[in-house]
1. Within the range B:60-132, which GluC sites (Glu not before Pro) sit in a loop by DSSP and count at most 15 neighbouring Cβ atoms inside 10 Å?
2. Report the one residue of B:G391, A:T82, A:I124 whose Cα lies farthest in the direction of the positive end of the charge dipole of the protein assembly as shown (charges on C-beta: Lys and Arg +1, Asp and Glu -1; origin at the Cα centre).
3. Among DSSP beta bridges lying fully in the protein assembly as shown, give the percent that are antiparallel, nearest 5.
4. How far apart, in nm, are the 7 Å Cα→Cβ label points at B:A194 and A:T11?
5. From the P(r) of chain B, could you give the percentage of C-alpha pairs in the tail past 36 Å?
6. Over 20 Å apart: what share of the alpha carbon pairs of the range B:83-171 falls there, rounded to a whole percent?
7. How shielded is A:246-256 by partner chains, expressed as the average number of their Cβ atoms within 10 Å of its Cβ atoms?
8. Which value at 222 nm does chain A reach when only helices count, each DSSP H run of 4 or more adding -39,500 (n - 2.57), with the total divided by all residues and rounded to the nearest 500 deg cm²/dmol?
Amino acid sequence: MVKTGISRPGTPYLLLLPGVAFLFTFFLWPIANLAQTSTQTPIAGGDTGEYEQSLRWQNYIDAFLENKEQFGRSFLYAAIATLAALAIAYPLAYAIAFKAGKMKNVLLVLVVAPFFTSFLLRTIAWKQILGEQGFVVPVLRDLHIISPATTLTSSAFAVVAGMTYNFLPFMTLPIYASIDRIDPRTLEASGDLYANGITTFRKVTLPLSMPGVVAGTLLTFIPAAGDYVNAAILGSPQTKMIGNVIESRFFKVVDYPTAAALSFTLMAAILILVTVYIRKAGTEELV
Amino acid sequence: MAKALPPKSLSPEARSILSSQISRRAVFAGVGAAAGVTALASCGSGSSDAASTVRWANWTLYLDVDEAGTSYPTLQAFEEQFGITAVYTEDINDNDEFFGKVQGQLKLGEDIGYDIITPTDWMAGRFIRLGYTQKFDKANIPNAKNLLPTLASPSFDPNRDNSLTYQSIMAGLGWNTTVNPKGLKAIDDLWTPANKGKIIVLSEMRDTIGVILLSQGVDITTVTEDQFMNAVDFLQGKINDGWIRGVKGNEYKEDLISGDATAVIAWAGDLFQLSNENEGKFDFAIPESGGTISGDNFLIPSTATAEGKKNAETLINYYYDPAIAAEVAAYVNYVTPVMGAQEEMEKIDPVLAKSEYIFPTEKTMSRLNVFKALTPTEESTWTEAFQKAAGN
């Protein structure tokens, strides 16, 4: 028998090495550093940005209590943006998978196309769309939907709209992948069993597309909750999210421990929410 | 480089795949080699290399540039005159960010890659306090005598041993002239229905809170914590009541142009440029209660070599020549700290020579105030309070 390299017992570990090395250098090591920073306190008489380790766990409680509002806002905005993205993405994915015919690939490219430009530029573009010189504001004013004094930029609406738009492809693609895999014969079978369109959707299409929905909501909600670009560019002081606080604590106030504690709290909160969600949705949906 | 081509017997697709693999590998090898060379070069960059160069980190759009945007006329003239190569980078975007970037190396005494940096007063103060700068050899900077007397002894560097102002920045009120036809003379003029929800203030704490404090009759050169917090509360109130839509840096310019903002606490130089580009649609004034003035300062980092330092001093001396200072001012439109530049400006552009924005008169100067130097503790508590008011 010819001995191939694959059969050597060490090979799988060797293949893992680049990934492990990468994760260690760019994930575990920084995270350990961050954890270490989060319990530091300022050195007495030290200069700006000089901290020493004193295992002050109170940092976490202080950081959370001082910024409850921004935490709440982050999860609220992320949840609304996720629902809005779902409402837009599901019909879109459904149409691309079942109704697009030859246009399928073109439409998929269009979904991904925004990624060809920078995230920042896309967000700044929204500022113009919703700005005084855009077409949205004058139209809404003429229709008396908003008062002449109301502006759309620097508002919660703009922040959530920006997030919905920026994360839409993350919602659309997994749902599309799930729907596209549905065997059309299951739908025909449903019809043969006298189910009407709505029942077929409810009993067959939707359950079969749930893995995509679960993956899509996670891929949208997690980055949206930690996002700060949309709030920084499209928001006002009253719409700041936890990401903005972390940025300001880190760079402006030079309060590294609070910034680190906030980052950990955010991670933990997301982890808990996601765990509960996956438990509810059933883990097998993800596979 | 000779490249072995795949045998002709293969199908065209297979051949193209094979040759693409070869070229990709070759590319990787090239990248590896290049990276190696760079690493070696950075290891070996010692004093010998720095002899004829000076490396300057500055803010964006802060030096006269030609129309193609590729070369800096005054800097080019400097290179020709002194035979020193200037490596100019627009690497400073934000004081705090820049500090975060170089602090580690400065602490360890490793080269930060610059012989001159230009942080703002308070940040320059931090650099000096931490021992991250080198004292000037004043014999190399005879033109320092041209420094405006008002800037000669700031609290962060009373004898100007470590710093010299590059440009000064006035902060006051800016407005859209259509929405505010009568102009703004005081902070209270901001709160009119037409400006509601369309006011932006600067994210630079010392300027925004400084202007507010002055309107409350507080001397910002001796401001106390209570007075400061009082002004922050005032700002917070105006944000909560929906008057102020944002606390921002330079981006307020776009909001003014688009009409999303109609009145601002802003920097004179910006409003001057805006007003020029938009035919008088915008205007600026120092409020009657006073405005702030701050400066960006030439500093020589502690890690610069002796040669680098000497070249840096030559460069600083060069930019303190009134004729050169006038050339720079004609482009950047900020307050020039160099005496005699106004006379030189007459020759370049008589209109600019009369600009209050670049050459404030004695009367204007007397209404401008410098924010006091803060202790490290004040700096963190005050910044925190200000950031909180801004929603962070």
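Each reported figure results from applying straightforward, stated rules to the coordinates on display, with no laboratory input. The model shown is predicted, which means the values in this text are computed figures rather than measured ones. Quick reminder, even Gly has a Cβ in these numbers, built from the backbone with ideal geometry, and neighbours come from all protein chains shown.
1. Working: sites: B:E67, B:E79, B:E80, B:E90, B:E97, B:E110; in loops: B:E67, B:E110.
For GluC sites (Glu not before Pro) across the range B:60-132 that sit outside H, G, I, E and B with at most 15 neighbouring Cβ atoms in 10 Å, the list reads B:E67, B:E110.
2. A:T82
3. For the protein assembly as shown, the DSSP antiparallel bridge percentage is about 60.
4. Between B:A194 and A:T11, the simple spin-label model gives 7.9 nm.
5. Every Cα pair in chain B considered, those over 36 Å come to 34 percent.
6. The calculated P(r) of the range B:83-171 puts 40 percent of pairs beyond 20 Å.
7. Per-residue shielding by partner chains comes out at 6.
8. Details: 14 runs with 184 residues, N = 287.
It lands at -20500 deg cm²/dmol.
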